[in-house]
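Report on one structure; see the data block that follows.
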Amino acid sequence: MTYSERLNNLIPGGCHTYSRGDDQYPENAPQIFERGEGAYTYTPDGKEFLDYGMALRAVTIGYGEKRIANAAIEQIWKGNNLTRASVIELEAAEAMVDLIPSVDMVKFAKNGSTVTSAAVKMARAYTGRKYIIRCFDHPFFSYDDWFIGDTVITRGIPKESHEHTVNFRYNDIQSLEVLFAQHPNEVAGVILEPATTEHPKDNFLQKVRDLCHKNGALFILDEMITGFRWHLQGAQTYYGVEPDLCTFGKGMANGFSVAALCGKREFMKIGGIKEIGAERVFLTSTTHGAEMSGLGALVETIKFYKEHDVIGHLWDYGTKIVAGMNAIAKELGIEDYFSAGGIECSPYYLTKDANKEVSMAFRTLFSQEMIKNGVLMPVIVFSYAHKQRELDRTFEATRKALQVYKKALEEGVEKYLVGEVVKPVFRKYN
(Lines give C-alpha, C1' and ligand atoms only; values in the text may rest on other atoms or scores of the structure.)
Protein backbone atom coordinates (compact mmCIF):
# COMPACT_ATOMS: atom_id res chain seq x y z
CA MET A 1 0.00 0.00 0.00
CA THR A 2 1.10 3.56 -0.68
CA TYR A 3 1.44 6.07 2.13
CA SER A 4 -1.72 7.74 0.86
CA GLU A 5 -3.68 4.49 1.01
CA ARG A 6 -2.40 3.71 4.49
CA LEU A 7 -3.19 7.21 5.74
CA ASN A 8 -6.73 7.33 4.30
CA ASN A 9 -7.43 3.80 5.55
CA LEU A 10 -6.76 4.88 9.13
CA ILE A 11 -7.48 8.62 9.25
CA PRO A 12 -10.63 10.28 7.84
CA GLY A 13 -9.30 12.64 5.19
CA GLY A 14 -5.87 11.05 5.37
CA CYS A 15 -4.60 13.80 7.69
CA HIS A 16 -5.74 15.95 10.59
CA THR A 17 -6.20 19.19 8.67
CA TYR A 18 -8.22 19.11 5.45
CA SER A 19 -5.83 21.48 3.73
CA ARG A 20 -3.14 18.79 3.98
CA GLY A 21 -5.31 16.27 2.10
CA ASP A 22 -4.62 14.54 -1.22
CA ASP A 23 -7.24 16.69 -2.95
CA GLN A 24 -5.18 19.81 -2.21
CA TYR A 25 -2.09 18.68 -4.12
CA PRO A 26 -1.19 17.43 -7.61
CA GLU A 27 -0.62 13.73 -8.13
CA ASN A 28 3.18 14.00 -8.00
CA ALA A 29 3.22 15.70 -4.60
CA PRO A 30 5.05 13.93 -1.77
CA GLN A 31 2.46 11.94 0.19
CA ILE A 32 4.25 12.05 3.53
CA PHE A 33 7.22 13.77 5.19
CA GLU A 34 9.59 12.46 7.80
CA ARG A 35 11.21 15.68 8.97
CA GLY A 36 11.83 19.35 8.30
CA GLU A 37 14.95 21.46 8.66
CA GLY A 38 15.15 25.21 8.06
CA ALA A 39 13.22 25.90 4.85
CA TYR A 40 13.17 22.27 3.70
CA THR A 41 11.11 19.13 4.24
CA TYR A 42 12.23 15.55 3.61
CA THR A 43 10.40 12.35 2.67
CA PRO A 44 11.24 8.99 4.30
CA ASP A 45 13.33 8.06 1.26
CA GLY A 46 15.38 11.24 1.55
CA LYS A 47 13.88 13.46 -1.16
CA GLU A 48 14.31 17.15 -0.35
CA PHE A 49 11.74 19.86 -1.06
CA LEU A 50 12.07 23.59 -0.60
CA ASP A 51 8.91 24.24 1.38
CA TYR A 52 6.46 27.10 0.79
CA GLY A 53 3.70 25.70 3.01
CA MET A 54 5.66 25.91 6.28
CA ALA A 55 3.24 23.76 8.28
CA LEU A 56 0.19 25.76 7.18
CA ARG A 57 1.90 29.03 8.18
CA ALA A 58 2.76 27.76 11.67
CA VAL A 59 6.55 27.87 11.16
CA THR A 60 7.84 31.43 10.77
CA ILE A 61 11.47 31.02 11.85
CA GLY A 62 12.28 27.65 10.28
CA TYR A 63 11.81 23.95 10.88
CA GLY A 64 13.75 22.54 13.82
CA GLU A 65 15.22 25.84 15.06
CA LYS A 66 17.41 24.43 17.84
CA ARG A 67 17.11 27.14 20.49
CA ILE A 68 13.31 26.99 20.30
CA ALA A 69 13.26 23.19 20.25
CA ASN A 70 15.63 23.14 23.24
CA ALA A 71 13.38 25.55 25.13
CA ALA A 72 10.49 23.14 24.58
CA ILE A 73 12.61 20.14 25.57
CA GLU A 74 13.66 21.89 28.79
CA GLN A 75 9.99 22.13 29.76
CA ILE A 76 9.42 18.49 28.85
CA TRP A 77 12.11 17.48 31.35
CA LYS A 78 10.30 19.58 33.94
CA GLY A 79 7.19 17.41 33.54
CA ASN A 80 5.46 19.05 30.56
CA ASN A 81 2.00 19.11 32.20
CA LEU A 82 1.56 19.58 35.94
CA THR A 83 -1.33 19.30 38.40
CA ARG A 84 -1.66 23.06 38.79
CA ALA A 85 -0.45 26.05 36.80
CA SER A 86 3.24 26.00 35.86
CA VAL A 87 5.87 28.72 36.05
CA ILE A 88 6.25 28.78 32.27
CA GLU A 89 2.47 29.19 31.97
CA LEU A 90 2.73 32.40 34.01
CA GLU A 91 5.82 33.55 32.12
CA ALA A 92 4.10 32.96 28.76
CA ALA A 93 1.03 34.93 29.85
CA GLU A 94 3.22 37.77 31.07
CA ALA A 95 5.15 37.73 27.81
CA MET A 96 1.98 38.11 25.75
CA VAL A 97 0.58 40.87 27.98
CA ASP A 98 3.90 42.73 27.91
CA LEU A 99 4.16 42.31 24.13
CA ILE A 100 0.75 43.42 22.85
CA PRO A 101 -0.72 46.77 23.96
CA SER A 102 -4.38 45.69 23.70
CA VAL A 103 -3.90 42.59 25.86
CA ASP A 104 -4.57 42.54 29.62
CA MET A 105 -5.33 38.83 30.01
CA VAL A 106 -4.73 35.66 28.01
CA LYS A 107 -6.16 32.15 27.80
CA PHE A 108 -4.02 29.50 26.09
CA ALA A 109 -5.21 26.53 24.05
CA LYS A 110 -3.80 24.09 21.49
CA ASN A 111 -5.49 25.25 18.28
CA GLY A 112 -7.05 28.30 16.73
CA SER A 113 -10.61 26.99 16.52
CA THR A 114 -10.76 26.66 20.30
CA VAL A 115 -9.87 30.29 20.92
CA THR A 116 -11.96 31.84 18.16
CA SER A 117 -15.00 29.94 19.46
CA ALA A 118 -14.10 31.10 22.97
CA ALA A 119 -14.06 34.68 21.70
CA VAL A 120 -17.53 34.19 20.21
CA LYS A 121 -18.79 32.71 23.49
CA MET A 122 -17.29 35.58 25.46
CA ALA A 123 -18.92 38.18 23.20
CA ARG A 124 -22.31 36.51 23.63
CA ALA A 125 -21.86 36.14 27.38
CA TYR A 126 -20.75 39.74 27.87
CA THR A 127 -23.48 41.31 25.73
CA GLY A 128 -26.30 38.82 26.34
CA ARG A 129 -26.89 38.78 22.56
CA LYS A 130 -26.93 36.00 19.96
CA TYR A 131 -25.76 37.26 16.59
CA ILE A 132 -22.16 36.99 15.43
CA ILE A 133 -21.10 38.80 12.27
CA ARG A 134 -18.10 37.28 10.50
CA CYS A 135 -16.18 38.44 7.45
CA PHE A 136 -17.23 36.40 4.42
CA ASP A 137 -13.98 37.06 2.56
CA HIS A 138 -11.81 35.44 5.21
CA PRO A 139 -11.64 31.70 4.60
CA PHE A 140 -11.58 30.03 8.00
CA PHE A 141 -12.34 30.89 11.60
CA SER A 142 -13.15 27.62 13.35
CA TYR A 143 -14.19 23.99 12.90
CA ASP A 144 -17.07 24.64 15.31
CA ASP A 145 -20.70 24.79 14.19
CA TRP A 146 -21.13 28.57 14.48
CA PHE A 147 -18.71 28.97 11.55
CA ILE A 148 -18.75 25.73 9.53
CA GLY A 149 -22.56 25.80 9.44
CA ASP A 150 -22.29 29.16 7.69
CA THR A 151 -20.37 27.51 4.81
CA VAL A 152 -21.63 25.03 2.20
CA ILE A 153 -20.54 22.10 4.40
CA THR A 154 -23.57 21.79 6.68
CA ARG A 155 -23.92 18.02 7.01
CA GLY A 156 -24.05 17.06 10.69
CA ILE A 157 -24.73 20.62 11.85
CA PRO A 158 -28.20 21.59 13.14
CA LYS A 159 -29.50 24.81 11.63
CA GLU A 160 -30.00 26.36 15.05
CA SER A 161 -26.24 26.07 15.69
CA HIS A 162 -25.40 28.61 13.01
CA GLU A 163 -28.58 30.55 12.25
CA HIS A 164 -27.27 33.48 14.27
CA THR A 165 -24.07 33.77 12.22
CA VAL A 166 -24.27 36.33 9.41
CA ASN A 167 -21.55 37.76 7.22
CA PHE A 168 -20.26 40.97 5.68
CA ARG A 169 -17.58 41.86 3.10
CA TYR A 170 -14.07 43.08 3.72
CA ASN A 171 -13.40 46.75 2.91
CA ASP A 172 -17.16 47.28 2.54
CA ILE A 173 -18.32 49.11 5.65
CA GLN A 174 -21.84 49.53 4.27
CA SER A 175 -22.32 45.75 4.24
CA LEU A 176 -21.67 45.79 7.99
CA GLU A 177 -23.88 48.80 8.61
CA VAL A 178 -26.77 46.97 6.92
CA LEU A 179 -26.42 43.99 9.27
CA PHE A 180 -26.40 46.15 12.39
CA ALA A 181 -29.54 47.87 11.06
CA GLN A 182 -31.22 44.52 10.38
CA HIS A 183 -30.39 43.20 13.86
CA PRO A 184 -30.65 46.17 16.26
CA ASN A 185 -29.40 45.36 19.78
CA GLU A 186 -28.90 41.72 18.75
CA VAL A 187 -25.25 41.59 17.65
CA ALA A 188 -22.78 40.25 20.19
CA GLY A 189 -19.62 40.67 18.18
CA VAL A 190 -17.91 41.07 14.83
CA ILE A 191 -14.96 38.81 13.94
CA LEU A 192 -12.56 39.26 11.05
CA GLU A 193 -8.89 39.01 10.17
CA PRO A 194 -7.10 42.37 10.05
CA ALA A 195 -6.09 41.54 6.46
CA THR A 196 -5.58 38.62 4.10
CA THR A 197 -4.83 39.43 0.45
CA GLU A 198 -5.25 43.21 0.62
CA HIS A 199 -4.73 46.00 3.11
CA PRO A 200 -7.71 47.69 4.79
CA LYS A 201 -8.74 50.78 2.89
CA ASP A 202 -9.94 54.17 4.12
CA ASN A 203 -9.52 53.29 7.84
CA PHE A 204 -11.76 50.25 7.39
CA LEU A 205 -10.69 48.51 10.61
CA GLN A 206 -11.18 51.68 12.65
CA LYS A 207 -14.65 52.06 11.14
CA VAL A 208 -15.52 48.46 12.01
CA ARG A 209 -14.37 49.06 15.59
CA ASP A 210 -16.37 52.27 15.88
CA LEU A 211 -19.47 50.64 14.44
CA CYS A 212 -19.16 47.77 16.92
CA HIS A 213 -18.83 50.10 19.88
CA LYS A 214 -21.65 52.34 18.68
CA ASN A 215 -23.91 49.27 18.64
CA GLY A 216 -22.65 47.68 21.85
CA ALA A 217 -20.88 44.76 20.14
CA LEU A 218 -17.36 43.43 20.69
CA PHE A 219 -14.69 44.00 18.04
CA ILE A 220 -12.72 40.75 17.56
CA LEU A 221 -9.58 40.43 15.42
CA ASP A 222 -8.45 36.95 14.41
CA GLU A 223 -4.66 37.27 14.19
CA MET A 224 -4.04 33.58 13.63
CA ILE A 225 -2.14 34.35 10.41
CA THR A 226 -1.28 38.04 10.68
CA GLY A 227 0.17 37.75 14.19
CA PHE A 228 3.94 37.13 14.23
CA ARG A 229 4.05 37.94 10.50
CA TRP A 230 2.75 41.48 9.84
CA HIS A 231 4.25 42.77 13.11
CA LEU A 232 5.47 41.14 16.32
CA GLN A 233 2.56 42.81 18.11
CA GLY A 234 0.15 41.71 15.41
CA ALA A 235 -1.45 43.46 12.46
CA GLN A 236 -3.46 45.45 15.01
CA THR A 237 -0.31 47.43 15.72
CA TYR A 238 0.69 47.54 12.05
CA TYR A 239 -2.69 49.08 11.18
CA GLY A 240 -3.05 51.11 14.37
CA VAL A 241 -6.25 49.68 15.80
CA GLU A 242 -7.00 48.03 19.16
CA PRO A 243 -9.53 45.17 19.33
CA ASP A 244 -11.59 44.21 22.34
CA LEU A 245 -10.56 40.58 21.87
CA CYS A 246 -7.95 39.00 19.61
CA THR A 247 -6.79 35.49 18.84
CA PHE A 248 -3.31 34.25 17.98
CA GLY A 249 -1.82 30.92 16.92
CA LYS A 250 0.22 29.42 14.08
CA GLY A 251 3.57 31.21 14.06
CA MET A 252 3.57 32.25 17.71
CA ALA A 253 5.62 29.20 18.77
CA ASN A 254 7.36 28.28 15.49
CA GLY A 255 5.31 25.16 14.88
CA PHE A 256 4.58 24.10 18.45
CA SER A 257 0.92 23.81 19.33
CA VAL A 258 -0.03 27.08 21.01
CA ALA A 259 -3.02 29.35 20.45
CA ALA A 260 -4.31 32.18 22.58
CA LEU A 261 -7.43 34.19 23.27
CA CYS A 262 -6.29 37.64 24.37
CA GLY A 263 -8.11 40.77 25.30
CA LYS A 264 -9.02 43.59 27.58
CA ARG A 265 -9.63 42.76 31.23
CA GLU A 266 -13.19 44.10 31.13
CA PHE A 267 -14.20 41.22 28.87
CA MET A 268 -11.69 38.49 29.72
CA LYS A 269 -12.42 38.56 33.44
CA ILE A 270 -15.91 37.13 32.96
CA GLY A 271 -14.22 33.80 32.32
CA GLY A 272 -12.60 33.99 35.75
CA ILE A 273 -13.55 32.76 39.22
CA LYS A 274 -12.66 35.66 41.52
CA GLU A 275 -15.79 37.79 41.18
CA ILE A 276 -17.86 36.24 43.92
CA GLY A 277 -21.56 35.97 43.07
CA ALA A 278 -21.10 36.71 39.38
CA GLU A 279 -22.75 34.28 36.97
CA ARG A 280 -20.12 31.88 35.64
CA VAL A 281 -18.95 31.66 32.05
CA PHE A 282 -17.34 28.33 31.18
CA LEU A 283 -14.90 29.80 28.69
CA THR A 284 -12.44 27.04 27.83
CA SER A 285 -11.09 24.19 29.93
CA THR A 286 -8.43 22.07 28.22
CA THR A 287 -6.12 19.56 29.88
CA HIS A 288 -3.34 20.30 27.41
CA GLY A 289 -4.07 23.99 26.80
CA ALA A 290 -1.09 25.12 28.86
CA GLU A 291 1.26 22.26 27.96
CA MET A 292 4.66 23.45 29.08
CA SER A 293 6.69 22.48 26.01
CA GLY A 294 4.65 24.67 23.68
CA LEU A 295 4.68 27.62 26.06
CA GLY A 296 8.43 27.29 26.46
CA ALA A 297 8.66 27.49 22.68
CA LEU A 298 6.40 30.56 22.67
CA VAL A 299 8.55 32.47 25.16
CA GLU A 300 11.72 31.58 23.23
CA THR A 301 10.10 32.51 19.90
CA ILE A 302 9.30 35.98 21.22
CA LYS A 303 12.92 36.34 22.36
CA PHE A 304 14.17 35.19 18.94
CA TYR A 305 11.97 37.76 17.17
CA LYS A 306 13.30 40.52 19.41
CA GLU A 307 16.93 39.53 18.75
CA HIS A 308 16.54 39.08 14.99
CA ASP A 309 14.64 41.13 12.44
CA VAL A 310 12.28 38.28 11.54
CA ILE A 311 9.43 40.60 10.56
CA GLY A 312 11.66 42.75 8.38
CA HIS A 313 13.02 39.65 6.66
CA LEU A 314 9.51 38.35 5.90
CA TRP A 315 8.48 41.64 4.30
CA ASP A 316 11.73 41.86 2.33
CA TYR A 317 11.68 38.26 1.11
CA GLY A 318 8.05 38.55 0.07
CA THR A 319 8.74 41.72 -1.89
CA LYS A 320 11.56 39.98 -3.74
CA ILE A 321 9.66 36.79 -4.52
CA VAL A 322 6.64 38.67 -5.90
CA ALA A 323 8.84 40.87 -8.09
CA GLY A 324 10.92 37.93 -9.29
CA MET A 325 8.02 35.65 -10.18
CA ASN A 326 6.25 38.45 -12.02
CA ALA A 327 9.43 39.29 -13.91
CA ILE A 328 9.75 35.70 -15.10
CA ALA A 329 6.11 35.62 -16.21
CA LYS A 330 6.62 38.87 -18.12
CA GLU A 331 9.82 37.57 -19.70
CA LEU A 332 7.85 34.58 -21.02
CA GLY A 333 4.98 36.79 -22.19
CA ILE A 334 2.38 35.24 -19.88
CA GLU A 335 2.02 37.98 -17.28
CA ASP A 336 -1.72 38.20 -18.05
CA TYR A 337 -2.10 34.53 -17.12
CA PHE A 338 0.20 34.07 -14.14
CA SER A 339 0.99 36.65 -11.49
CA ALA A 340 2.04 37.03 -7.88
CA GLY A 341 0.59 39.70 -5.64
CA GLY A 342 -1.02 40.51 -2.33
CA ILE A 343 0.55 41.77 0.87
CA GLU A 344 4.31 41.31 0.69
CA CYS A 345 4.78 39.40 3.97
CA SER A 346 2.02 36.97 2.93
CA PRO A 347 1.67 37.00 -0.89
CA TYR A 348 -0.22 34.74 -3.28
CA TYR A 349 0.00 33.58 -6.87
CA LEU A 350 -2.89 33.72 -9.32
CA THR A 351 -3.34 31.31 -12.24
CA LYS A 352 -5.53 31.92 -15.28
CA ASP A 353 -6.40 29.89 -18.36
CA ALA A 354 -6.22 30.89 -22.02
CA ASN A 355 -9.49 32.84 -21.59
CA LYS A 356 -7.92 34.78 -18.70
CA GLU A 357 -10.29 33.17 -16.21
CA VAL A 358 -9.03 31.98 -12.83
CA SER A 359 -8.21 28.30 -13.22
CA MET A 360 -7.64 25.57 -10.63
CA ALA A 361 -6.38 23.33 -13.42
CA PHE A 362 -3.55 25.73 -14.20
CA ARG A 363 -2.88 26.18 -10.49
CA THR A 364 -2.50 22.42 -10.23
CA LEU A 365 -0.20 22.40 -13.25
CA PHE A 366 2.04 25.11 -11.81
CA SER A 367 2.26 23.28 -8.48
CA GLN A 368 2.96 20.01 -10.30
CA GLU A 369 5.84 21.53 -12.25
CA MET A 370 7.33 23.25 -9.19
CA ILE A 371 7.33 19.88 -7.42
CA LYS A 372 9.20 18.34 -10.37
CA ASN A 373 11.88 20.92 -9.69
CA GLY A 374 12.04 20.29 -5.94
CA VAL A 375 9.84 23.14 -4.72
CA LEU A 376 6.60 22.50 -2.83
CA MET A 377 4.46 25.60 -3.34
CA PRO A 378 0.75 25.03 -2.64
CA VAL A 379 0.75 28.68 -1.53
CA ILE A 380 3.53 31.20 -0.92
CA VAL A 381 4.50 30.95 2.75
CA PHE A 382 8.09 31.52 3.81
CA SER A 383 10.12 31.83 6.98
CA TYR A 384 13.23 33.45 8.41
CA ALA A 385 15.12 30.40 7.11
CA HIS A 386 14.33 31.32 3.50
CA LYS A 387 17.40 33.23 2.30
CA GLN A 388 18.99 34.18 -1.03
CA ARG A 389 19.90 30.56 -1.83
CA GLU A 390 16.24 29.58 -1.50
CA LEU A 391 15.11 32.58 -3.53
CA ASP A 392 17.47 31.66 -6.37
CA ARG A 393 16.27 28.06 -6.32
CA THR A 394 12.65 29.26 -6.36
CA PHE A 395 13.18 31.43 -9.42
CA GLU A 396 14.97 28.62 -11.25
CA ALA A 397 12.01 26.30 -10.59
CA THR A 398 9.51 29.04 -11.47
CA ARG A 399 11.11 29.65 -14.86
CA LYS A 400 10.94 25.94 -15.72
CA ALA A 401 7.36 25.63 -14.44
CA LEU A 402 6.15 28.67 -16.36
CA GLN A 403 7.73 27.42 -19.58
CA VAL A 404 5.43 24.40 -19.32
CA TYR A 405 2.57 26.70 -18.29
CA LYS A 406 3.07 28.70 -21.49
CA LYS A 407 2.90 25.54 -23.61
CA ALA A 408 -0.28 24.49 -21.80
CA LEU A 409 -1.88 27.84 -22.62
CA GLU A 410 -1.14 27.22 -26.28
CA GLU A 411 -1.86 23.48 -26.48
CA GLY A 412 -4.30 22.81 -23.64
CA VAL A 413 -3.67 22.13 -19.97
CA GLU A 414 -4.91 18.54 -20.20
CA LYS A 415 -1.87 17.68 -22.34
CA TYR A 416 0.50 18.52 -19.48
CA LEU A 417 -1.49 17.95 -16.30
CA VAL A 418 -1.23 14.50 -14.68
CA GLY A 419 -4.02 13.42 -12.34
CA GLU A 420 -6.90 15.31 -10.79
CA VAL A 421 -7.28 19.06 -10.43
CA VAL A 422 -6.91 20.32 -6.86
CA LYS A 423 -10.20 21.16 -5.16
CA PRO A 424 -11.35 23.82 -2.72
CA VAL A 425 -11.64 22.67 0.90
CA PHE A 426 -15.07 24.25 1.30
CA ARG A 427 -17.22 22.34 -1.19
CA LYS A 428 -20.51 20.53 -0.76
CA TYR A 429 -19.43 17.17 -2.17
CA ASN A 430 -16.19 15.19 -2.41
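The values are calculated or read from the model by the stated rules, or taken from the named source; none is laboratory data. Keep in mind that this is a model prediction, so the values were computed, not measured. All Cβ positions, glycine included, derive from the backbone under ideal geometry; neighbour counts span all protein chains shown. Each accessible area value is taken on the protein alone, full model and side chains, heavy atoms only, with ligands, DNA and RNA left out. Shrake-Rupley method; radii C 1.70, N 1.55, O 1.52, S 1.80 Å.
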| note | Of the residues in the range 148-176, those that are touching a strand residue (DSSP E or B) at 6+ places or on another chain (Cβ under 6 Å), assigned to a loop (DSSP other than H, G, I, E, B) and within 14 Å of residue 124 (Cα to Cα) come to 164
| task | Identify, by number, the condition in (1) open to solvent by less than 30 Å² (accessible area, probe 1.4 Å); (2) at pLDDT 90 or above that residue 149 doesn't meet. | result | (2)
| query | Filtering the range 405-430 down to residues that are in a loop (DSSP other than H, G, I, E, B) and aromatic (Phe, Trp, Tyr), which residue is most open to solvent (accessible area, probe 1.4 Å)? | reply | 429
| query | Under 7 Å by Cβ, and 6 or more places apart or on different chains, what pairs join a residue from the range 405-420 that is basic (Lys, Arg) with one that is in a helix (DSSP H, G or I) and at pLDDT 95 or above? | reply | 415/408
| Which strands (runs of 3 or more DSSP E) does the range 6-68 wholly contain that include 2 or more residues that are open to solvent by 60 Å² or more (accessible area, probe 1.4 Å)? | 35-37
| task | Considering only the range 224-255, state which residues are more than 16 Å from residue 104 (Cα to Cα) and open to solvent by less than 10 Å² (accessible area, probe 1.4 Å). | result | 226, 227, 228, 229, 230, 235, 249, 251, 252, 253
| task | Might you check whether a residue that is within 27 Å of residue 56 (Cβ to Cβ) and hydroxyl-bearing (Ser, Thr, Tyr) occurs anywhere in the range 171-189? | result | no
| Of the residues 44, 30, which is in contact with a strand residue (DSSP E or B) (Cβ under 8 Å, 6 or more places away or on another chain) and either closer than 20 Å to residue 398 by Cα or modelled with pLDDT of 95 or more (or both)? | 30
| message | Could you list, ordered by first residue, the pairs with Cβ atoms under 8 Å in which the first is in the range 66-95 and more than 8 Å from residue 292 (Cα to Cα) and the second is aromatic (Phe, Trp, Tyr) and surrounded by 15 or more Cβ atoms within 10 Å (Cβ to Cβ), at least 6 apart or interchain? | response | 67/304; 68/256; 68/304; 92/108; 93/108
| Unique residue being part of a strand (DSSP E or B), within 22 Å of residue 263 (Cβ to Cβ) and basic (Lys, Arg) when the list is 134, 124 | 134
